[in-house]
1. May I ask for log10 I(q)/I(0) of region 104-169 at q = 0.12, 0.16, 0.20 Å⁻¹, from a Debye sum over the Cα atoms as equal point scatterers with solvent left out?
2. For region 3-166, what's the relative contact order in percent, using C-alpha pairs closer than 8 Å and at least 6 residues apart?
3. Under a GNM of the chain (C-alpha, springs under 10 Å), which listed residue has the highest mean-square fluctuation: 30, 84, 92?
4. Would you work out the charge dipole size for the chain about its Cα centre, treating the Cβ of every Lys and Arg as +1 and the Cβ of every Asp and Glu as -1, and quote it to the nearest 20 debye?
5. What does the extension gain come out to for residue 16 and residue 89, with contour length at 0.36 nm per residue minus their alpha carbon separation?
6. With each run of n ≥ 4 DSSP H residues scored as -39500 (n - 2.57), what mean residue ellipticity at 222 nm is computed for the chain after dividing by its residue count and rounding to the nearest 500 deg cm²/dmol?
Amino acid sequence: MNAKDNDLNPLDALRSEHEEIRAVLNKLEGFLKKQSPAGKGGTNGAAENENDLAAGLNEITAYFDKDLEAHFKREEEALFPVLGNYIGIETGPINVMIIEHNNCRELFNDFKKKIAGKDYKPVVSAGNSLRQLLSEHEDKEDSILFHIAEMQLTKDEKRSIMEKMLTIN
């Protein structure tokens, strides 16, 4: 996000970030499929494939560490408090989204631990769990939560949310 993003609707900015997240999830799915028994070719090039996999997974985990966490914080610290004035935070959709953010964080940490173990069968399982939860989570935000926000938030509230989002990296 940059200064000219200040004119954006914060919900459009978050939707755009969701598209970036989906692209990373698609990359992750590709790496995980290569590791499944059906995705493995012969033993030729195994070391090269392992290096490619490690590099790809490092790129994905770096994105999740920085960009996904910043995305979650923009929602939790900028959007959710304001939208919560209309629909509450303790129960309902915002509460579910916060729980899912925390579940994604836990799955991501488990995924990173599995990668460090160099046994790729648990990596595939952990990665698929993370990919599925995060994909379903993004869909819920786009189709339910952001729709509610579009109906409830005023133009001034959206501007204020966007200003707050721009301070979160």
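1. At q = 0.12, 0.16, 0.20 Å⁻¹ the computed log10 ratios are -0.51, -0.71, -0.83.
2. Relative contact order here is 44 percent.
3. Between 30, 84, 92, it is 92 that shows the largest mean-square fluctuation.
4. 560 debye
5. Stretched fully, the residue 16-residue 89 segment lengthens by 23.9 nm.
6. -23500 deg cm²/dmol, from helical runs alone.
Each reported figure results from applying straightforward, stated rules to the coordinates on display, with no laboratory input. This one's a predicted model, so the numbers in the text were calculated from it and none came from an experiment. Neighbour counts run over all protein chains shown; Cβ positions are idealised from the backbone, glycine included.
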